[in-house]
Amino acid sequence: QRFEIIQYLGEGGSAVVLKCFDTYTQQDVAVKFAKGKYKLKHEAEMMRYLMRHKLDQKNIIKFHQSFSTNSCLVFEMCDINLKDYIKLRHPLKLQEIRTVIQQLATALEGLKNVQIIHSDLKTNNIMVVDQRKKPLQVKLIDFGLALRAKQNNQTINQCLFYKAPELILGLPYSTALDIWSLGCVMGKMLLNCVIFPGRSEYENLRYYTDVLGPAPDHLVDASRKSEDFFKKSNSNQWILKTPVEYWGEEHHKHRR
């Protein structure tokens, strides 16, 4: 009874988000409702931890409360996600891009200071606070996949378009993987398209190689997946397999 539903805002695989009016505070809020059997306990605990460290002052979405045994989370209300904002306002000026990236870098610095990896940084998870009154103020949202940096042996299902190379190669990871994703966000803001649009991890490695050059040998040596994606050249250096070599081997594996 405290929250009056105003409108549907969006949904993901495990939750739906509604704009509601909080009759206690007389303010609009965003309420995230878990779907079906899903619970939002992990995200609720993560948000309480971040709020204890006052990271809402570092461009992290402000968390108000949870209820219904962590099935509903209440956040400050924002306007539009960055993905939709880019579509509406492209081309963005370099100063606009710089302002947004600086805010997100501040958010990531705050997360690094408390050793939290967001792990799902993408334009869908960045909100513009008010596109009319504060068009360049943004907040980082959705900590459902966030984890503590010391838990770096967990599998991370990061969006492929924003996926850091260390995750593809099976290398140790840290808060730095969010910085890679931030670079991909910056590219999206500048070009209005995904800069590494691979449909598979192998395709992404091809894009990385085309844009940034070959992966350093010492990283491929340390990779658990080096022989999946690479082969040794005549000079004993690692080189990326050709599409025929990679997909031919994949087809053979599946047939077996």
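Side notes on the structure shown:
- When V211 is tested against (1) outside the structural domain of I86 (by TED's automatic domain parsing); (2) under 22 Å from K32 (Cβ atoms), exactly one condition is not met: (2).
- Restricting attention to the range 11-38 and to residues that are within 20 Å of the chain's Cα centre (by Cα) and modelled with pLDDT under 95, the residue that is surrounded by the fewest Cβ atoms within 10 Å (Cβ to Cβ) turns out to be G13.
- Test result for I5, in contact (Cβ under 8 Å) with a residue 12 or more places away in the chain and surrounded by 14 or more Cβ atoms within 10 Å (Cβ to Cβ): no
- Here V244 qualifies as assigned to a helix (DSSP H, G or I) and farther than 22 Å from S181 by Cβ.
- The residue pairs whose first member lies in the range 109-125 and is at pLDDT 95 or above, whose second member is in a helix (DSSP H, G or I) and among the hydroxyl-bearing types (S, T, Y), and whose beta carbons are closer than 7 Å, counting only pairs six or more residues apart or on different chains, are L121/Y162; L121/S181; K122/Y162; K122/S181.
- Options L167, L182, L177: the member that is assigned to a helix (DSSP H, G or I), within 23 Å of F143 (Cβ to Cβ) and free of Cβ contacts under 8 Å to residues at least 24 places away in the same chain: L167
- Checklist (1) touching a residue at least 12 places away in the same chain (Cβ under 8 Å); (2) closer than 30 Å to Q102 by Cβ; (3) outside any helix (DSSP H, G or I) applied to R224, failing item: (2)
- In the range 190-205, the residues that are within 16 Å of P243 (Cα to Cα) form Cβ pairs under 7 Å with partners that are assigned to a loop (DSSP other than H, G, I, E, B), at six or more places apart or across chains, as follows: N204/K163; N204/F196; N204/G198.
- Scanning the range 107-124 for residues that are of a type in the set (A, V, I, L, M, F, W, C) and buried (at least 21 other Cβ atoms within 10 Å of the Cβ), we see that the one that is nearest to M186 (Cα to Cα) is L121.
The values are calculated or read from the model by the stated rules, or taken from the named source; none is laboratory data. This one's a predicted model, so the numbers in the text were calculated from it and none came from an experiment. Every residue, glycine as well, gets a Cβ built from its backbone with ideal geometry; the counts of neighbours run over all protein chains shown.
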